[in-house]
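Report on the structure given below.
The values are calculated or read from the model by the stated rules, or taken from the named source; none is laboratory data. Please read all numbers here as calculations on a predicted model, not as lab measurements. Don't worry about glycine lacking a Cβ; one is built from the backbone with ideal geometry, like all the others, and counts go over all protein chains shown. For accessibility, only protein heavy atoms count, side chains too; no ligands or nucleic acids. Shrake-Rupley method; radii C 1.70, N 1.55, O 1.52, S 1.80 Å.
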Amino acid sequence: MTLPENNDRTFQVDLRGLVDLLSHHLYSSPRVYLRELLQNAVDALTARNNLEAGSYGIRLYADGATVRVEDDGVGLTEADVHSFLATIGRSSKRAEKIAEQRADFIGQFGIGLLSCFLVADEIHVVSRSARTPGAPAVEWRGRGDGSYTVRTLPASARPQPGTTVTLTPRADAAEWTRPAQVHALARHFGSLLRHPVTFADGTSGPAVPVNAEPAPWSLTHPTPGARGRALAAYGEEVFGFKPLDTIELDLPAVGLKGIACILPEAVPSGRRHGHRVHVKGMLLSEQAPEILPDWAFFVRCVVDAESLRPTASREALYEDDTLAAVRDALADRLREWIAKAAASDPDLLARFLQVHHLAVKSLAVHDDEILRMLLPWLPFETTDGHATLDEFSRTHRTVLVTNSVEEFRQVAAIASAAGLGVVNGGYTYDRELVHRLPEIRPEVSVADLDPETLTAHLDPVDRETEMAAAAYLARARDALAVFDCDVALRSFQPASAPALLVDSREARHERTRSQLAREQDGGLWGGILGHLRQEAPRAQLILNQLNPLVRTAVAIDEPELARTSAEALYGQAALLSRRPLRPAESSLINRSFLDLLAHALRKDS
């Protein structure tokens, strides 16, 4: 059997399946039906103004039984209805005769009208074209099963050019089609639209404006202070918090205007806030983090743009070169605000850094300009308490920085008493930033703190004291050998500290690896670990000769009691270091406590 050469077929579309696809995967909620109707109306008005300038508007009606949207736009002919309303994916905004004006329109995908099937089973459209003088009105009825009808109507059905779309909602869509909800959705999506929009609920009352107030940044104000207060009030109305400050945004190249509101409270590092983005006045998204870089998590923005492209769902921005350029330009505006605050408003800068120092640190790591401007004013945890690097470096010309939080907590009290200036470098960005301090303060040197640096600042005890304590120290080293820990006797402040445990995370990891290599000796895994093996640095328990408890302990003659006291001093020093305890250490702390308690009870009895 020979098949005919031309075996082409046409795709068949299951409209119900397509609507289900839209409702569950393209649109976030059925409420978008009203945004799509408003968008179509706005684009029709734009096309009408391109054809003949005039004062055109949009009228919404909702009485609980129907929802109706009327516009004075360019309208459709019968041929347009067949071509654009009945062909999924084809948009009148793509017609060649207005291709050069596509940038004027919000919608360009030809699927927006389908969103009405999320709330209704039938869409009723009556339209009259302004492009063809004397053209009759055209009625189109589209149904959810994929069928539609078209007929011409007398001129009286639509005396003026424009389009009326009427929906009869399904019972399960009442949540989105009640009059109050329709009015709220209209204000939500259309509050910044440039064409007048009114709403009426079918009662005897007059229609009320939906977008009576223009965008606040388009208004003039008598003074900069009044403008700042007006923008802050708008930011508080939109986001629900009183901004620490507002930054006016204006990018003429892409027709973007808006504000950035500085959050009054700190947020977790890396948390990306959603920003409120309008495109040509229509709300596109309340959750558009892509408009700003990741480090700008201390602001929330509301902007209206002309040249940004929405995705097909019109609920996010299309990632292209324009969006990337806008993101970079807005980032520059935020940097300019920080620079201005640093130069002319130290009180504002101090409030900002107190709340958002982590965000600024993340920016300073990658931005040399911000680093030079703000690094000296950023707060860090130090042995002098929380202080800026500017304050800290005035007292300490040599700044030592730890690799981890636990190392800082191990040495903070001892280093402070010894006059060492140590910064906690264990928090995100801190160590890297502190090491860059000499770039701004050349007279200051920065170095990592290591155990040798610290122990070099502890005073040795005299030879007689060392000899008297030798037997105790030997028993203590034997008791703590299981932890690869050496024991030494020194004198240091504060005298209230009986012992200092000097042990880094890297050293513990190396000892663990060496132990595994010994246990796996001879196997493949043991060979790998053995190849990586280095001389494992030992921990060091430094006993404080100035502490009364230590002076009593080193004089103990009873071997078991000496061993127990050494274990107890190790356990207490490990607890003070605030690092995670190994199971063997937890067991040692419990055992030494019980042994000392038993010894005290025997002595009393």
### Query
If you check Asp367 against the conditions, is it open to solvent by less than 30 Å² (accessible area, probe 1.4 Å), under 28 Å from the mean Cα position of the chain (by Cα) and of a type in the set (Asp, Glu)?
yes
#### Entry: Unmet criterion (only one of (1) modelled with pLDDT of 90 or more; (2) within 17 Å of Val482 (Cα to Cα); (3) open to solvent by 70 Å² or more (accessible area, probe 1.4 Å); (4) among the charged types (D, E, K, R)) for Arg551
(2)
### Task
For Arg563, indicate whether it is assigned to a loop (DSSP other than H, G, I, E, B) and either open to solvent by less than 40 Å² (accessible area, probe 1.4 Å) or under 19 Å from Arg475 (Cα atoms) (or both).
no
### Message
Contact list please: Cβ distance under 6 Å, first residue in the stretch 396-408 and under 13 Å from Pro438 (Cα atoms), second residue at pLDDT 85 or above and of a type in the set (Ser, Thr, Tyr), pairs at least six apart or on different chains.
### Response
Thr398/Ser445
### Query
Considering the stretch 420-440 alone, what residues qualify as being open to solvent by less than 50 Å² (accessible area, probe 1.4 Å) and assigned to a loop (DSSP other than H, G, I, E, B)?
Leu420, Asn424, Gly425, Gly426, Arg436
### Message
Among the numbered criteria (1) under 29 Å from the mean Cα position of the chain (by Cα); (2) open to solvent by less than 40 Å² (accessible area, probe 1.4 Å), which one does Val197 miss?
### Response
(1)
#### Entry: Residues of the stretch 309-342 satisfying the condition of being outside any helix (DSSP H, G or I) and touching a helix residue (DSSP H, G or I) at 6+ places or on another chain (Cβ under 6 Å)
Ser313, Leu317
### Message
Which residue is surrounded by the fewest Cβ atoms within 10 Å (Cβ to Cβ), if the candidates are limited to the stretch 142-162 and must be without any contact (Cβ under 8 Å) to a residue 60 or more places away in the chain and assigned to a strand (DSSP E or B)?
### Response
Thr149
### Message
Looking at Glu407, Glu443, can you tell me which residue is in contact with a helix residue (DSSP H, G or I) (Cβ under 9 Å, 6 or more places away or on another chain) and not in a helix (DSSP H, G or I)?
### Response
Glu443
### Message
Given the condition farther than 23 Å from Glu407 by Cβ and at pLDDT 60 or above, answer yes or no: does some residue in the stretch 528-545 qualify?
### Response
yes
### Task
Would you check if there is a residue in the stretch 323-339 being on the phi < 0 side of the Ramachandran plot, among the small types (Gly, Ala, Ser), modelled with pLDDT of 90 or more and more than 21 Å from the chain's Cα centre (by Cα)?
no
### Residues (in contact with a strand residue (DSSP E or B) (Cβ under 7 Å, 6 or more places away or on another chain), touching a residue at least 60 places away in the same chain (Cβ under 8 Å) and open to solvent by 10 Å² or more (accessible area, probe 1.4 Å)) located in the stretch 318-336
Ala329, Arg333
#### Entry: Considering residues of the stretch 66-95 that are more than 19 Å from Thr46 (Cα to Cα) and polar (S, T, N, Q) only, the residue modelled with the highest pLDDT
Thr66
### Query
Restricting attention to the stretch 370-395, and to residues there that are more than 15 Å from Ile440 (Cβ to Cβ) and buried (at least 21 other Cβ atoms within 10 Å of the Cβ), which single residue is farthest from the chain's Cα centre (by Cα)?
Thr383
### Summary
Residues of the stretch 287-307 being open to solvent by 10 Å² or more (accessible area, probe 1.4 Å), within 24 Å of Glu36 (Cβ to Cβ) and part of a loop (DSSP other than H, G, I, E, B), in sequence order, are Gln287, Glu306, Ser307
### Summary
Of the conditions (1) at pLDDT below 90; (2) within 23 Å of Leu45 (Cβ to Cβ); (3) open to solvent by less than 10 Å² (accessible area, probe 1.4 Å), the single one that Glu315 does not satisfy is (3)
#### Entry: the stretch 58-80, residues that are assigned to a strand (DSSP E or B) and either open to solvent by 10 Å² or more (accessible area, probe 1.4 Å) or farther than 10 Å from Phe199 by Cα (or both)
Arg59, Tyr61, Val67, Arg68, Glu70, Asp71
#### Entry: Test set (1) modelled with pLDDT of 85 or more; (2) open to solvent by less than 60 Å² (accessible area, probe 1.4 Å); (3) assigned to a helix (DSSP H, G or I); (4) not acidic (Asp, Glu) - Ser362 fails condition number
(1)
### Query
For the stretch 449-499, which fully contained helices (runs of 4 or more DSSP H) count at least 3 residues that are over 20 Å from Thr564 (Cβ atoms)?
451-455, 463-468
### Query
Which residues, taken from the stretch 182-194, are open to solvent by 30 Å² or more (accessible area, probe 1.4 Å) and under 12 Å from Val32 (Cα atoms)?
His188
### Task
Count, please, the residues in the stretch 240-263 that happen to be open to solvent by 30 Å² or more (accessible area, probe 1.4 Å), in a helix (DSSP H, G or I) and either under 12 Å from Val303 (Cβ atoms) or not small (Gly, Ala, Ser) (or both).
1
### Task
Inspect all residues belonging to the stretch 266-281 and state whether any of them is over 24 Å from Gln39 (Cβ atoms), part of a helix (DSSP H, G or I), small (Gly, Ala, Ser) and touching a residue at least 60 places away in the same chain (Cβ under 8 Å).
no
